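Read through the structure below, which is laid out as structure tokens, and then see the notes.
The values are calculated or read from the model by the stated rules, or taken from the named source; none is laboratory data. Please read all numbers here as calculations on a predicted model, not as lab measurements. With ideal geometry, Cβ positions are generated from the backbone for all residues, glycine too; neighbour counts draw on all protein chains shown. Heavy atoms of the whole protein, side chains included, go into the accessibility calculation; ligands, DNA and RNA do not. Shrake-Rupley method; radii C 1.70, N 1.55, O 1.52, S 1.80 Å.
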Amino acid sequence: ISRLVPLLLLLVSIYFNWDLVVANEGLTGADITELPKQIKRGSEQKSESSSQSKTSNTWTPAQPARHSVVPRPYVGARDVNGNLDYTFDPSPSRFAKYVDTSSIQAFNDTETARVPILPKFQKGLRESQKLLEGLPEEKIPKILCIVYTYEKDHDVLEAVRNTWANKCDGFFAASNKTVESLGAVDLIHDGEESYKNMWAKTKSILLFAYDNYLGEYDFFYICGVDMFVLVDNLRAYLVSEDYLRYNDGYRDEFSSRDDMFRKAKRSSELRPRPLIVGMPFSMNYGRGGDRHLFASGGNGYVLNQAALSIFNELDMRGSSAPFFWNVRTSQEDVILGGALERLGVITVNTQDREGGWRFFGKCIEYLHKFDGRAPERPGVLYKSFHVKTPTGMDAYSAQTVSFHLKDCNGGVIESIYRYQSYFYGQVP
């Protein structure tokens with residue numbers, strides 16, 4: 001039996017990380033090639049597209065030689081008529097006339113008894129708003145919020161549009177159908193429109209944001225549509241000393257681990273310094289089973305301009321490119337974290353001074369019961385990096401940024417409107 005234990009552990013590890021193991025060996029799918037951004041015109045274009053539906057979101061590229069890799073496998077967005085090269089002003093003002101607040105109920109103080117942690121979050125939000133009110137306009141960072149979704153979840157997107165999306169400086173939803181009243185954009189990506197292909201969709205999001213909005217926004221927040229985001233708390237964090245010290249080269253419990261992250265020191269010396277912000281998770285993957293760190297996609301993550309630039313300027317013909325570029329997986333957060341980690345860009349510690357996490361929120365009714373166990377796995381952070389996570393309400397910062405609503409009572413749409421009531425009343 002003792003001889004079988006290592007084999008069983010290896011098989012379990014492969015089972016749970018199969019997408020990543022296979023990708024790292026270069027065995028998944030076909031490599032991808034770039035569709036030229038200069039689309040052919042006239043009869044030549046017409047003959048090529050006659051057999052394809054304009055509204056199809058699946059892009060099937062020509063198949064190049066094995067392991068040939070191109071730097072930017074990306075096309076762009078389509079407008080409501082299916083035409084390529086669609087660009088737009090992402091300001092929420094473009095859909096302001098469609099915002100409907102009729103589903104938002106007035107806040108009821110009796111909710112506090114049912115949600116013990118709510119007063120803590122409400123106080124934290126007021127502190128964020130007070131901080132921002134005292135800053136000159138030029139000191140307040142501009143944030144482009146991007147959610148990923150698809151047509152069947154546009155009813156959820158409508159709730160996002162009616163609530164927290166209006167707090168962002170820019171907003172759009174990467175979808176498979178353009179609906180201007182919702183801020184939804186048909187953003188083309190390689191492969192099928194499915195959860196199992198999230199990495200392909202995320203790549204297109206990052207490339208599209210880089211090509212069209214890099215100079216207009218300071219930060220790029222990416223999350224799923226099943227979220228409620230306190231954008232004021234996000235802004236307040238990004239102007240706080242807790243964050244700004246990273247710009248000056250501060251190395252926390254993660255980026256100071258030169259034994260794990262060989263290029264972290266060099267990256268910390270860059271100016272501007274590339275940074276990715278979110279809830280740090282840790283796991284083993286790849287050939288050697290090494291420990292890696294990434295910003296969990298569940299609560300969303302933030303890239304500054306420098307991080308978005310360094311990702312988009314990667315040489316995807318490099319030896320590790322097939323792994324990072326061509327893998328088909330739902331674990332887009334793991335792959336993005338791995339790609340940035342290779343460049344020394346390590347997810348930062350987003351705890352507040354009391355140890356509460358800023359990107360850790362889930363169903364607000366149950367947060368006070370958090371006991372430190374799975375599925376959040378904070379014990380792994382302590383084992384690998386000696387970063388402690390408190391239990392109960394102390395695990396969450398008063399200025400929590402995001403709440404992942406996937407498994408909340410009443411469903412996502414009802415939760416979005418209820419959280420709007422909790423924090424802002426009926427004002428979008």
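Order ARG418, ARG262 by their accessible area, 1.4 angstrom probe, all chains in place, largest first. Provide the component values of the computation, followed by the final result.
On the way: ARG418 40, ARG262 215 Å².
From most accessible down to least: ARG262, ARG418.
Give the carbon-plus-sulfur fraction of the accessible surface of the stretch 105-197 in %, rounded to a whole number; probe 1.4 Å, heavy atoms of protein chains only.
Details: 2070 of 4280 Å².
Here carbon and sulfur together make up 48 percent of the probe-accessible area.
Take peptides 157-163, 82-88, 131-137 and line them up by average Cβ neighbours within 10 Å, highest first, as a rough protection proxy.
On the way: 157-163: 23.7, 82-88: 14.3, 131-137: 10.3.
Output ranking for 157-163, 82-88, 131-137: 157-163, 82-88, 131-137.
Not counting ligands, DNA or RNA, and with a 1.4 Å probe, what is MET279's accessible surface area in Å² rounded to the nearest 10?
Roughly 10 Å² of MET279 is accessible to a 1.4 Å probe.
Using a 1.4 Å probe on the protein heavy atoms only, what accessible surface does ASP258 show? Give it in Å² to the nearest 10.
That residue has around 70 Å² of solvent-accessible surface.
Starting from the residue with the highest accessible area, list ARG373, ARG251 in decreasing order, probe 1.4 Å. Walk me through the numbers before you get to the answer.
Values: ARG373 160, ARG251 60 Å².
Largest accessible area first, the list is ARG373, ARG251.
Over the heavy atoms of CYS408, what accessible area does a 1.4 Å probe trace out, to the nearest 10 Å²?
Ignoring ligands and nucleic acids, CYS408 comes out at about 10 Å².
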